1. Neighbouring Cβ atoms within 10 Å as the yardstick, rank 50, 98 fewest first.
2. Counting C-alpha atoms alone, how compact is the chain: give Rg to one decimal and Dmax as a whole number, in angstrom.
3. Test of understanding: what is the full-extension gain from residue 19 to residue 39, defined as 0.36 nm times their sequence separation minus their Cα-Cα distance?
4. As a footprinting exposure proxy, order 35, 25, 48, 64 by other Cβ within 10 Å, with the fewest listed first.
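Bear in mind that the values in this text are calculations on the coordinates, not laboratory data. Here the structure is a predicted model, which is why all the values come from computation and not from measurement. Heads up, the Cβs are rebuilt from the backbone with ideal geometry, glycines too, and the neighbour counts pull from every protein chain shown.
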Amino acid sequence: MLSDDRDQIELQVIADVLDTVEARLREREQCGWRLTVPRSRIYATVLLAVIVSARATHAFPATLDRADILDAIFDGIEPPYSGTAGRPVEDAIRNHIVHVN
């Protein structure tokens, strides 16, 4: 049963991260910006940052909800180690977007 709860928490973290990325992508697109890579590349980049952050906590189990980077993703708050991942969603998008006008 505990495993099922943990799985549900991780699924919710993934869904919330993907929803956040999608919302930021749509905001940019409404302002005339277009991606130069598939959306899946942006999603994967941000999810990898969450996985790496969760592993870096050295907590057992290293579940996604323990990732320090989630504050930066959801609230725009820089994590304590801001030199490595200031704004993961914005960074992923900025590196793969162009203005169409």
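1. Ordered by Cβ neighbours within 10 Å, fewest first: 98, 50.
2. According to the Cα coordinates of the chain, Rg and Dmax are 14.5, 53 Å.
3. Values: separation 20, 0.36 × 20 = 7.20 nm, distance 1.23 nm.
Value of the extension gain: 6.0 nm.
4. Numbers: 35 15, 25 19, 48 12, 64 22.
Starting with the residue having the fewest Cβ neighbours, the order is 48, 35, 25, 64.
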